[in-house]
Every structure is written in structure tokens, then in C-alpha cells.
Amino acid sequence: MRNDQLINKLDWQVILIYLILVFSGWLNIYAADYDPDVNNGILNFSMSSGKQLIWIGSSFLLIALIMLLDFRFYDSFAYIIYGILIFLLIVVLIFGQEVAGSKSWFELGAFKFQPAEFTKFAAALGLAKYLSKSTRKSSDLKVQSTGFLFIGLPMILIILQGDLGSAMVFGSLILVMFREGMHPLILILGLGVIILFLLTLLVRQTVLLIGIVVLTLLALGLVAKSPPKIAIVLIAGLLTAGFIRSVDFILTDVLKPHQQKRVMSLINPNADPLGVGWNVTQSKIAIGSGGLTGKGYLEGTQTKFDFVPEQTTDFIFCTIGEEQGWIGSFLLVALFSTLFVRLIYLAERQKSSFARIYGYGVASILFFHFAVNIAMTIGLFPVIGIPLPFFSYGGSSLWGFSMLLFSFLKLDAHRMQVLQRW
């Protein structure tokens, strides 16, 4: 396909949304970093906004390279790319630099990058290639187990680095397996475990255990009429009770102290208002103070006087809330929502199963980042330190998200061509 044909076949709706998000993010990074008492021009490369501009420019070069690659490259080299990133996750455990309690960064002079951000791209590719084999049915237990291995291996390695937030992102790829035929019961069970974990923190264990006993007895009386069903109900009841009893162990012995505090601050925001609860409290103040239309660009007092830590990265959304108000926040959410709907539409129109599965992987990862990041800033989710896609400051994240998105757009542009491996 010639370059002029490729340009015509690219989905320019998605590209336009990408450009709006990237440059709006850059302007808000400048606002979050702005100091009225210092001469800090928008092109000052010692500031986060100046550095982000360099990352934006380099991302455009990366996108150009993606467009030049043959579209069959991603399918043909998916396993190799996945293997390389898994290797880097292992190496960073040994030679990586520790930043904010997480040993997940390579540092080469002034240049730093985080392999976990690129592993999301690799995991989506690897899972897509495995599930796209025509001889494999995603409803088979063996296929599902191997699919979970593609997701679980990077999660384990990233957890060992001390970065639980980035590890959780890979769990979003379970939605891809659900789309490809995984039984919905597995997804329901996963959500049930999360809800039960939170309930155990909110309600006394004795009350929950009594409730489980009552529900088990009711199920035995109303549903379980045969020995196999009776066994299933009893096993489910015992496993549920065992999980409730294990929550204290998970909270005190598995999670790190700062993670424990973040979970407890979600349950009780006032438990440590000057410590772990400070970020969220100040973020909610900033968003609430914006009102309907906001205070105006560069006029946010919470933003201007650095009340919200990590405001260029994890808490960038509160800059929009304070300076652009409810209207600006709504437009940003609407823009992201339009992007997700469009990505799902593009995924469904693919002629190859590889491109379709990969498209759903892209949508799932981006949606998880979007939903959790905004939920963190308004106190609906523990602070786990993941960026808002295309919007937050960070070179590794911007490169990783750009690779995810534009690799899929490249595949979509060639969707009418037969996808044959090299």
C-alpha cells in the first residue's frame, strides 16, 4: 500500500482524539507546573511541560516508524516482542533503579524508561496471537489457562518490582478473553472476590461469616438436590469463608505498608488526612472548587500553590476540574468515551481475528487506565499510581500508549488485506 493510500485508510477520528488529548494534556501539565513568581515559559525544557513536549515530538517519530512497518510485522513477531519485554522485566529487577519504592526503571544518564509501560503492548500482542489460532477455542480450559499465563507472568514480575498499580492493568485483558468466549462465570467470580474483599474491610468478619452460613444453608435447601450439587455448594461456602478469614493476612502480610494505608484511606478517608489521605483530599478540594465553569486557565489556586502532590502525573485530572470546572471535566470524559466506542467499533470490523483481539486489548488497557485514574482523583479507588492515557506527564507511558494505539490503527488500515505471516 502506497503512503497516500495508507493516509486515506487511517481512522482520522481516533487520530484527532489522540492529538486533542496529547496537546490538552501538555497544556494542563504546564498549568500544574506553573509558578507565577518564576519566569517559566511554556517552552522551558527544565519544566515538566518542556520535557513532555520532547516526548510528544519523539512519539510522532515513533508513530511514523509504526506506519512504515509492514502490517504483518505485529502478528509475525508478537511472541518475540513479548519474550523481549519479559526478559527486560527480569533484568530490571536486578539492575533497575528504584523510584518511589518501585524498582522498575532503567536509567541511562538523563534518560529513564520503564519496561512495564511497553509490556502492556507486548502482552496485548502475545495474547492476540495465541487466541487468534483457528484451531484454538477460547472456551477450552487449556486455552484459557495459557491465556491467563500470558497475562499473569508480567503481573507477577511487576509485582516483584513493587509496582502493584501497573501490574493490575494487565488484569484488564481478561475482558479480551471474555469477548473471545471465556465463560462469564469466571468474570463474575473475579468481580465477586473484589467485592467480598471490600466488604470484609467494611463489615465485621463475624457478621459476614454468619451471612455465608445462612446463604449456604438456603442454597442446600432450595437448589442442591443431588450429591454433586450439595458438594459444590459446600465447597463454595467453605472457600468463601476461607477467603474472608484470609483478608487480614493479605492486608497485613502481602500488601506493603503504603499500600495498606491507601486501601484503608479508601474505606475511611479521614483516617490519615495529613498523611496518605492528603493527595485525595486536596484533589477533591481542587475539583470541587472548580464549580461549573472552573477558575480559568492558570488560575487554579490548589494547582498554583502545589497543594496536590504528583499533579502532573497521577492527579492531572484535578487540574482540569479546578481550572475548567464540571464542563471541562465532562468534555474530557466524553472525549475518552468516544475514543473507547470508536476502538470497539474498529475492533469488530476487523477481518482477521488477530487484529480484532488486539483491538480489544488496546481498548481494555486504555479504559482501565482512564477509569482507575479518574476514580483515584475523586476518592472512589485507592491511589495506585497509574497515569491518565495521553494526558499525564511521562515519556514511557506516552510512548507505550502511542505504540498500543497506532499499531492497531496500522492493522485497521490494512484490514481488507489477508494477514499472512512472514
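Step by step: first the residues of region 116-156, then only those that are in a loop (DSSP other than H, G, I, E, B) and open to solvent by 40 Å² or more (accessible area, probe 1.4 Å), then the one that is modelled with the highest pLDDT. Which residue is that?
Checking each candidate, the answer is K133.
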Q) For region 55-112, which residues satisfy the criterion of being touching a Phe, Trp or Tyr at 6+ places or on another chain (Cβ under 7 Å) and charged (D, E, K, R)? A) R72, D75, K112
Q: State whether one or more residues within region 15-35 are under 24 Å from L388 (Cα atoms), open to solvent by less than 20 Å² (accessible area, probe 1.4 Å), touching a Gly at 6+ places or on another chain (Cβ under 8 Å) and not charged (D, E, K, R).
A: yes
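Could you pull out the residue among G181, G211, G171, G165 that is of a type in the set (G, A, S), within 22 Å of D248 (Cβ to Cβ) and open to solvent by less than 50 Å² (accessible area, probe 1.4 Å)?
Only one candidate qualifies: G211.
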Q | Matching residues in region 42-62 - criterion: being open to solvent by 20 Å² or more (accessible area, probe 1.4 Å) and not in a loop (DSSP other than H, G, I, E, B) | A | S48, K51, L53, I54, W55, G57, S58, F60, L61, L62
Q) Is there a residue being among the β-branched types (V, I, T) and more than 20 Å from P382 (Cβ to Cβ) anywhere in region 190-205? A) no
Q: Being buried (at least 19 other Cβ atoms within 10 Å of the Cβ), without any contact (Cβ under 8 Å) to a residue 60 or more places away in the chain and assigned to a helix (DSSP H, G or I) is the filter here, so list the residues in region 283-300 that pass it.
A: A286
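Report, by residue number, each residue of region 92-115 that is β-branched (V, I, T) and exposed (fewer than 12 other Cβ atoms within 10 Å of the Cβ).
Once the filter is applied, which keeps residues that are β-branched (V, I, T) and exposed (fewer than 12 other Cβ atoms within 10 Å of the Cβ), region 92-115 yields only I94.
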Q: Output the qualifying pairs, or none if there are none: Cβ atoms under 9 angstrom, residues six or more apart or on different chains, first residue in region 313-328 and in a helix (DSSP H, G or I), second residue of a type in the set (D, E).
A: E322/E299; E323/E299
Q: Return the residue satisfying two criteria in turn: it lies in region 187-197 and is surrounded by 14 or more Cβ atoms within 10 Å (Cβ to Cβ) and aliphatic (A, V, I, L, M), and of such residues it is nearest to the chain's Cα centre (by Cα).
A: L187
Q | Matching residues, region 367-379, being assigned to a loop (DSSP other than H, G, I, E, B) and either of a type outside the set (A, V, I, L, M, F, W, C) or free of Cβ contacts under 8 Å to residues at least 40 places away in the same chain (or both) | A | G379
Q: Looking only at region 343-366, decide whether some residue is at pLDDT below 95, part of a loop (DSSP other than H, G, I, E, B) and either closer than 30 Å to A31 by Cα or under 11 Å from the mean Cα position of the chain (by Cα) (or both).
A: no
Q) Can you find even one residue in region 70-86 that is among the basic types (K, R), assigned to a strand (DSSP E or B) and out of contact with any Ser or Thr (no Cβ under 9 Å at 6 or more places or on another chain)? A) no
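The values are calculated or read from the model by the stated rules, or taken from the named source; none is laboratory data. Just so you know, these numbers come straight off a predicted model, no measurement behind them. Using ideal geometry, Cβ is built from the backbone for each residue, glycine included, and neighbour counts are taken over all protein chains shown. For the accessible areas, the whole protein counts, side chains as well, though only heavy atoms, and no ligand, DNA or RNA atoms are used. Shrake-Rupley method; radii C 1.70, N 1.55, O 1.52, S 1.80 Å.
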